[in-house]
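The values are calculated or read from the model by the stated rules, or taken from the named source; none is laboratory data. It should be emphasised that the depicted structure is a prediction, and the values quoted were computed from it without experimental measurement. Every residue, glycine among them, receives a Cβ derived from its backbone with ideal geometry; neighbour counts consider all protein chains shown.
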Ligand code: PRP
């Protein structure tokens, strides 16, 4: 059995993600040693590896197959726009992506004039203003403390994450428009999903069960239930992630057909080749 590799976003989400993974039996005792300088941790019994990386890099590791599975905020997934399967909403790290600014900026937003927007998320901001609002704006990329921008006159508004709202309040700013809700999601490499289907599907099902049990005990249960109900509705089915997942499911049905395993077309399949090359590389690395 080959290793299943997890890339987790460093920071607030990592510990909560590890707790959830532990609940489904994936543990990495080595990671709990605060003195450790190791970057990647292995559980030989479960054949898993876990590493922490900058949140922005998680989708990159997963798209390229350096990690089979990643856990990262929806904000990063949207901003990075990588080719991945988003398979499960972990319901942790809930917050909102918003347009915020001083109250007087509301008028500028309504008039649709040319304004400056400071943000750590230029792609999300572009998509919101250009494609959704059809408003031409100047987007200024910053790397942190975004709330400073309208205070010192760098921009009229910001696009940023709002969690408790206290950073905005303490700086005399407020939410002017809401772009989308955010939370941590599990993402899967598209080839791993096909080739390690049994293990990954079990992992997803186990996670769903644990999350639903956890939710029953907490007050967010209702929100999550609404989420689940939405999965059955048309909007969800029109969603690109669902379509990708559906394509993958069709592929899985095809793969489950035993005869296809020996079929030449299957082995000629590009995904299979990519996976095989990747796997051979990993095996070579492991031998070294
Ligand atoms: C994030 C975000 C806001 C703040 C929102 O910043 O960019 O500044 O949290 O949280 P609140 O609504 O609970 O106040 P982060 O702490 O990640 O640091 P950054 O400013 O360097 O991006």
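Of note, residue 103 does not satisfy the criterion of being surrounded by fewer than 18 Cβ atoms within 10 Å (Cβ to Cβ) and within 16 Å of the ligand (Cβ to nearest atom). When 52, 8, 13, 21 are screened for being under 15 Å from the mean Cα position of the chain (by Cα) and in a helix (DSSP H, G or I), only 13 passes. Against the conditions (1) assigned to a helix (DSSP H, G or I); (2) away from the ligand (no atom under 15 Å from the Cβ); (3) within 23 Å of the chain's Cα centre (by Cα), residue 124 satisfies every one except (2).
The condition of being away from the ligand (no atom under 13 Å from the Cβ) and either closer than 19 Å to residue 79 by Cα or assigned to a loop (DSSP other than H, G, I, E, B) (or both) holds for only one of 96, 185, that being 185.
With respect to the conditions (1) surrounded by 11 or more Cβ atoms within 10 Å (Cβ to Cβ); (2) out of contact with any strand residue (DSSP E or B) (no Cβ under 9 Å at 6 or more places or on another chain); (3) assigned to a helix (DSSP H, G or I), residue 131 falls short on a single one, namely (1). Scanning the range 1-23 for residues that are loosely packed, with under 15 Cβ neighbours inside 10 Å and within 17 Å of residue 54 (Cβ to Cβ) yields 10, 11, 12, 15. Here residue 42 meets the list (1) within 16 Å of the ligand (Cβ to nearest atom); (2) part of a strand (DSSP E or B); (3) over 30 Å from residue 139 (Cα atoms) almost entirely, failing just condition (1). Residue pairs whose Cβ atoms lie under 7 Å apart, sitting 6 or more positions apart in sequence or on different chains, and linking a residue in the range 90-111 that is farther than 30 Å from residue 205 by Cα to a partner that is part of a loop (DSSP other than H, G, I, E, B) and within 16 Å of the ligand (Cβ to nearest atom), are 100/173; 101/173; 102/172; 102/173. Residue 112 - would you say it is surrounded by fewer than 16 Cβ atoms within 10 Å (Cβ to Cβ) and within 12 Å of the ligand (Cβ to nearest atom)? In short, no.
Take the range 158-181 and flag every residue that is surrounded by fewer than 15 Cβ atoms within 10 Å (Cβ to Cβ), within 9 Å of the ligand (Cβ to nearest atom) and part of a strand (DSSP E or B). Residues satisfying the conditions do not exist here.
Across the range 136-157, the qualifying residues are those that are more than 13 Å from the ligand (Cβ to nearest atom) and part of a strand (DSSP E or B), and the one among them that is surrounded by the most Cβ atoms within 10 Å (Cβ to Cβ) is 157.
The rows are residues; the columns are (1) in contact with a helix residue (DSSP H, G or I) (Cβ under 6 Å, 6 or more places away or on another chain); (2) closer than 21 Å to residue 126 by Cα; (3) at pLDDT 95 or above.
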| site | (1), (2), (3) |
| --- | --- |
| 34 | no, no, no |
| 40 | no, no, no |
| 43 | no, no, no |
| 55 | yes, yes, yes |
| 59 | yes, yes, yes |
| 64 | no, no, yes |
| 67 | yes, no, yes |
| 71 | yes, no, yes |
| 79 | yes, yes, yes |
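For the residues 79, 110, the requirement of being within 30 Å of residue 26 (Cα to Cα) and out of contact with any strand residue (DSSP E or B) (no Cβ under 8 Å at 6 or more places or on another chain) singles out 79.
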